[in-house]
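Reading through the structure tokens given below for one structure.
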Amino acid sequence: MIGALIAKSKVTASYDLLNGRDIKNFLANWHDEATFVYPGNISASGEFKGKKSIEDWFQKLLDQFPTFKNTPKNVCVENIMDFVGTNVVTVEWDEDNVNKNGDKVNLSGVTVITLKFGKATHAQDYLFNTDDEIRKAWGE
């Protein structure tokens, strides 16, 4: 139970850092060799390995959305007792953004995060929006 509380708190705090555009402290919660996967067939899609590549991706996200607000709705933890080993956290979220073209964008999805010793080693987004909505959001 303590493990679940710690994991939920850490993940929620990470979303607060991202909403505050604090990429440096946001990335402090990632392993140096972590991987991030973003779905789709747009320029932002792909698999990004290593902290620098992940930092560049999140900077691109914040550059694309001058107004960015990600709200975690549900945070689920696989192993509620583990707080120092490997765990998986699933976050269902909504985003209310405005892209750099001035378009209001609402995205929803789930991120599955693998943690090792409290830091993300792998994270993958799954979006509920259509391809057309995602392309419009990213200005493509």
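The values are calculated or read from the model by the stated rules, or taken from the named source; none is laboratory data. These numbers come from a predicted model, not from an experiment. A quick note on method: Cβ atoms are made from the backbone with ideal geometry, for glycine too, and the neighbour counts reach across all protein chains shown. Calculation scope for accessible area: heavy atoms of the full protein, side chains included, ligands and nucleic acids excluded. Shrake-Rupley method; radii C 1.70, N 1.55, O 1.52, S 1.80 Å.
When the accessible area of the chain is computed with all protein chains present and a 1.4 Å probe, what percentage of it is carbon and sulfur?
Within the chain, the accessible surface is 53 percent carbon and sulfur.
Its Cα centre serving as origin, the range 20-94 has a Cβ charge dipole (Lys and Arg +1, Asp and Glu -1) of approximately 240 debye. At the residue level, residue 119 shows approximately 70 square angstrom of accessible surface with a 1.4 angstrom probe and all protein chains present.
Counting only heavy atoms of the protein chains and using a 1.4 Å probe, residue 21 has close to 100 Å² of accessible surface. The H on the amide N of residue 30, modeled in the peptide plane, is under 5 Å from the matching H of 120, each at least 5 residues off or on a different chain. In the distance distribution for the chain, Cα-Cα pairs more than 21 Å apart total 39 percent. The mean accessible area for residues of the chain, using a 1.4 Å probe and ignoring ligands and nucleic acids, is 53 Å² per residue. Remark: spin-label model distance residue 79-residue 92 equals 2.5 nm, labels positioned 7 Å along the Cα→Cβ axis. Can you pick out the pairs among 24/119; 8/69; 52/73 whose Cα atoms lie more than 25 Å from each other? Distance filter (> 25 Å) returns 52/73.
Summing charges over neighbours of residue 102, with a neighbour being any other residue whose Cβ is under 15 Å away from its Cβ, gives 0 when K and R count +1 and D and E count -1.
Once ligands and nucleic acids are excluded and a 1.4 Å probe is used, how much of residue 14 is accessible, expressed in Å² to the nearest 10? In the full protein context, residue 14 sits at about 20 Å². Treating each Cα of the range 1-71 as one equal point scatterer and applying the Debye formula with no solvent, the log10 of I(q)/I(0) at q = 0.11, 0.13, 0.23, 0.28 Å⁻¹ comes out as -0.29, -0.41, -1.13, -1.32.
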